[in-house]
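A.B. asks: Please see the structure below; I have some questions.
No value in this document is a laboratory result; all are computed from the given coordinates. Note that this is a predicted model, so its numbers are computed, not measured. Here the Cβ positions follow ideal geometry from the backbone for every residue, glycine too, while neighbour counts run over all protein chains shown.
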Amino acid sequence: MQNGNRLERMTRRWWFFLLFVLIQFVPPYASKGYQWQEWGDVISQALGRAIVYQHPQIYPIFKVIPVVLLIGIVVFRNKVARLFSIYVSISYVLFAFGQSIAVTEKYGLTFCPINIVMFLVVAVFWAWEAVVLQNDFRPVKIPIWRYWVAPLALLAFWYPLNRQTAMPDFNPAYIFTNGAGLAFCLMTPVYVGLLTLYWPRVNMATLRVTSLVGLIIGLYNMGTNFIVKPSILWWNGVLHIPLLVISIYALVLSLRKIEKNVVAGSG
């Protein structure tokens, strides 16, 4: 528990947040090389043609497993807490490599070190939670307004977008068939949103780091979807709003000072 307290304090330090700012200046890699002016294009191709998009046959697996685990949290509570955290940790490892690496004709092998490092840091914190089990999923009474995260998280998980047209497509089959289960931007609202419903009886450091990275990636998405290519990607931008707003909300919660008796007595 002492190590947990040390990590909780460390993730509050100004220099910890500064590290995440500084890492944003690490350039992408391309085996064929590129001019600095092409930096943005390299990132765009690495993310837009990432290896995860080459294997749609596995998408349903990574939609069904989270649903089963979330139901398990509701029904069995802390009995599945460790299994849930292990799966979330593995998910972030898959996000790190599956969404950040691509082989393109123009640049060859490309990848984004920024995303890989940040996602792996999140994975480490969830793996640590699987060991210390600070998340407490026992029933807790909370104000009804705190459930506002649920419909947004569901929207992200559903991801009702037509991949060919990039326009709205509310096909209910997408809940179990699209690639949202392997996407950082779409699963983070689910995982972080869940923790906010059990706050403050959660692993604050894990919540803080996950929501911080979610905020950073959310801001990138707002710029790309609403500023760079709004006519094409506006709906994709809307579907990334849950990532941004839930991450901000969770980060604020994680930074609040909580009295020990509040945590102990919240169940």
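A.B. asks: Go through segment 45-67 and give me each residue that's under 18 Å from V103 (Cβ atoms) and free of Cβ contacts under 8 Å to residues at least 12 places away in the same chain. Steps first, please.
C.D. replies: So in segment 45-67, the residues under 18 Å from V103 (Cβ atoms) come out as 45-56.
Listed by number, the residues that qualify are Q54, H55.
Here is a yes/no grid of residues against (1) more than 14 Å from the chain's Cα centre (by Cα); (2) surrounded by 14 or more Cβ atoms within 10 Å (Cβ to Cβ):
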residue: Y59; (1), (2): yes, yes
residue: L109; (1), (2): yes, no
residue: A127; (1), (2): yes, yes
residue: A150; (1), (2): yes, yes
residue: A153; (1), (2): no, yes
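A.B. asks: Does F25 satisfy the criteria of being aromatic (F, W, Y) and exposed (fewer than 12 other Cβ atoms within 10 Å of the Cβ)? Steps first, please.
C.D. replies: On the way: aromatic (F, W, Y): yes; exposed (fewer than 12 other Cβ atoms within 10 Å of the Cβ): yes.
Yes: the conditions hold for F25.
A.B. asks: Now for a different question. Within segment 41-63, how many residues turn out to be under 17 Å from I175 (Cα atoms) and basic (K, R)?
C.D. replies: 1
A.B. asks: Quick one: how many residues across segment 99-131 are under 30 Å from R201 (Cβ atoms) and in contact (Cβ under 8 Å) with a residue 60 or more places away in the chain?
C.D. replies: 9
A.B. asks: Considering only helices (runs of 4 or more DSSP H) fully contained in segment 182-250, which possess at least 2 residues that are within 20 Å of Q24 (Cβ to Cβ)?
C.D. replies: So the answer is 184-198, 204-223.
A.B. asks: Considering segment 132-189 alone, what residues qualify as being β-branched (V, I, T) and closer than 14 Å to K63 by Cα?
C.D. replies: Passing the criteria: I175, T177, T188.
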